[in-house]
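No lab work stands behind these numbers, since they all come straight from the coordinates. Bear in mind that the values here come from a model prediction, so they are computed numbers and not experimental data. We place every Cβ from the backbone using ideal geometry, glycine too, and count neighbours over all the protein chains shown.
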Amino acid sequence: MNSTPNRQVFYGWKVVTALLVMLTFATGLSFYNHAVILNALAQQPAFTVQSASIAVSLFFLSGGVAGLWVARWVNDYDPRFCISFGALICGASLAGLALITKVWQLYVLYLIFGVGFSASNLVPATTLVTRWFHKKRAMALSIASTGLSLGGVIITPICAVLVESLGLGRAAPVMGLMYVAGVVPVSLIWLRPSPESMGLQPDDDQTSENETQGTLSSDPFGETSSNSAGDQVAQKVASQPVKSKLPAGVSFRDARRGRLFWAMSTAYIFLMMAQVGGISHQYGLARELLDESQTALVVAILPIASIVGRLAGGWVIEQLSIRSFAIGMMILQVVSLLLLSGGYNPFTLCLGLASFGITVGNLLMLQPLLIAEAFGVREYPRIFAVSNFMSSWGTASGPAALGLVYATSSNLYGAAYLLAAAAGLAGLALFLAGGPLKRS
């Protein structure tokens with residue numbers, strides 16, 4: 001009797017869901033959690049806001065450097081082991097916050113923390129998405145990277161309550177355990193290194209594992225029928241081995257010889273300087289116009305807009321040129337930062353934070369998409385790691401640069417956000433100088 005069972009959901013979407021959960025815990029306990037941790041440290045006699053801020057810069061710098069090593073590991077071995085190892089480092093680093101009593105100990109701990117964060121965050125996550133998806137890569141990455149914002153909306157407030165109620169000494173081990181529990185199980189159980197490792201193809205649009213065994217053949221609508229000979233299947237499979245074994249794209253050696261790679265990577269130094277600098281000082285900016293309770297509500301606008309913008313962006317990219325969409329987001333970043341620098345009234349503040357949040361959600365997602373579009377997946381981990389290392393310079397310097405301008409401008413944020421807008425404009429100019437996305 002012939003049967004037509006329902007086609008199973010492509011396993012790549014399970015990978016995307018697992019990455020969303022992983023990134024939610026990873027960023028919620030690290031990237032967005034720095035403000036909570038450093039505020040608690042600054043209340044202790046041994047630490048100041050300035051010394052704690054330097055620790056954050058060391059975190060991003062060590063993460064950028066470690067990303068170069070992480071890329072090789074992810075490229076040569078199963079990414080699940082890299083992610084799990086990184087999560088264990090992060091868990092131990094968070095727990096170690098309960099033991100530090102000196103500034104140098106904080107710096108060493110945050111250097112180690114940054115290494116673990118790099119191994120369990122964007123480099124392995126975006127590598128997996130680029131392997132599992134080609135045609136639907138933008139949508140898949142937009143869903144997975146939503147975890148970057150959800151972490152700030154869900155996990156970080158929990159950490160703030162823990163630190164407030166228990167104190168950093170008792171809350172730190174709990175946060176460390178949360179990192180390990182939220183990242184390691186979901187990674188080991190649901191992540192897989194590539195579709196080929198399961199007998200599948202990217203986007204699930206080619207021969208399935210059953211077909212390669214000569215037992216079943218699939219039509220474009222997902223229905224199955226018996227195959228008595230298997231010759232047609234053998235011919236189809238024989239015509240595809242080069243695709244699976246030799247992914248499309250260029251080597252890092254070839255990528256770095258072109259203007260596009262350097263223009264794109266340098267542009268992201270300034271784009272991330274503007275983005276992370278703007279994010280880190282949004283609370284202080286809002287306090288210039290609002291009271292404490294109003295500010296607590298207003299600062300939620302940015303992460304919410306980031307989530308909505310990223311999901312919408314994943315759909316828009318499939319309809320438009322990715323380069324055109326990226327240019328549009330860079331322009332919107334400059335405009336939103338200029339609006340925030342004006343300090344006009346609460347309405348323009350909210351409008352500026354909402355539009356800025358849309359760019360935050362998309363510009364971070366666009367970096368791996370642009371690299372995959374321009375250079376393919378052949379040596380994507382290494383190419384992205386080097387580009388991400390360069391952008392970490394902007395990530396690390398943004399908060400400090402805006403803070404310095406703030407301190408020299410009568411403790412007002414207008415000039416600081418003008419600097420952020422100028423950095424965003426520089427990033428746009430450099431990106432345009434790279435020319436169109438052309439794969440060698």
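Take each peptide in 83-95, 328-340, count the other Cβ atoms within 10 Å of every residue, and average; sorted highest first, the result is 83-95, 328-340. Farthest towards the positive end of the charge dipole of segment 10-194, among the residues T126, L41, A55, is the Cα of T126, using unit charges on the Cβ of Lys, Arg, Asp and Glu. One quarter of the surface of the convex hull around the alpha-carbon atoms of segment 250-440 equals 10.2 nm², the direction-averaged projected area.
Here are a few candidate values for semi-axes √(5λ) of the Cα gyration tensor in Å: [x] 37, 29, 18; [y] 80, 24, 16; [z] 40, 25, 20. Which one was actually calculated from the structure I just gave you? So the calculated entry is the one marked [z]. Lys-Lys pairs in the chain that are eight or more residues apart or on separate chains and whose Cα atoms lie under 19 Å of each other come to 7.
Charge tally around P381: other residues with Cβ under 11 Å, Lys/Arg +1 each, Asp/Glu -1 each, net +2.
Sequence-ordered 3J(HN,Hα) estimates for segment 304-310 from the Karplus curve with 6.51, -1.76 and 1.60 and θ = phi - 60° stand at 5, 4, 5, 5, 4, x, 5 Hz, glycine and proline given as x.
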